[in-house]
1. Do we find that E68 is at pLDDT below 75, not polar (S, T, N, Q) and not in a strand (DSSP E or B) in this structure?
2. The conditions are (1) at pLDDT 85 or above; (2) exposed (fewer than 10 other Cβ atoms within 10 Å of the Cβ), and F48 fails exactly one of them. Which is it?
3. Mind telling me which of the residues K28, K41, K11 ends up being modelled with pLDDT under 75 and either surrounded by 12 or more Cβ atoms within 10 Å (Cβ to Cβ) or touching a helix residue (DSSP H, G or I) at 6+ places or on another chain (Cβ under 8 Å) (or both)?
Amino acid sequence: MIELKCDKCGKKMDIAMYLEAGEIIKRKTCVVNFRFERFVKDVPIDGFNCPLSFPHETTLDICPDCQEQIIKDILGVLPWVEGK
């Protein structure tokens with residue numbers, strides 16, 4: 001049995017089950033994908049200074065309550081009625 005927990009608060013989350021091609025497929029819900037780049041100091045390349053960046057990609061399982069809190073922290077308010 002797969003137990004899915006929120007990566008932020010540790011609360012247990014449900015896993016959605018779908019029927020595809022006659023098989024029950026379990027899928028994680030509340031998956032958030034992040035992609036960001038970290039820039040380091042300029043690196044000389046052929047006589048020019050170019051910023052060097054390292055791309056990062058990560059996937060987190062974040063429950064709806066934590067997602068709301070993150071959005072509220074960023075925007076100051078939620079763009080919808082809280083809890084909906």
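1. Against the criterion (at pLDDT below 75, not polar (S, T, N, Q) and not in a strand (DSSP E or B)), E68 does not qualify.
2. Failing condition for F48: (1).
3. K28
The values are calculated or read from the model by the stated rules, or taken from the named source; none is laboratory data. Owing to the predicted nature of the structure, the values given are computational and were not obtained by experimental measurement. Because the Cβ atoms are built from the backbone with ideal geometry, glycine has one as well, and the counts that use them run over all protein chains shown.
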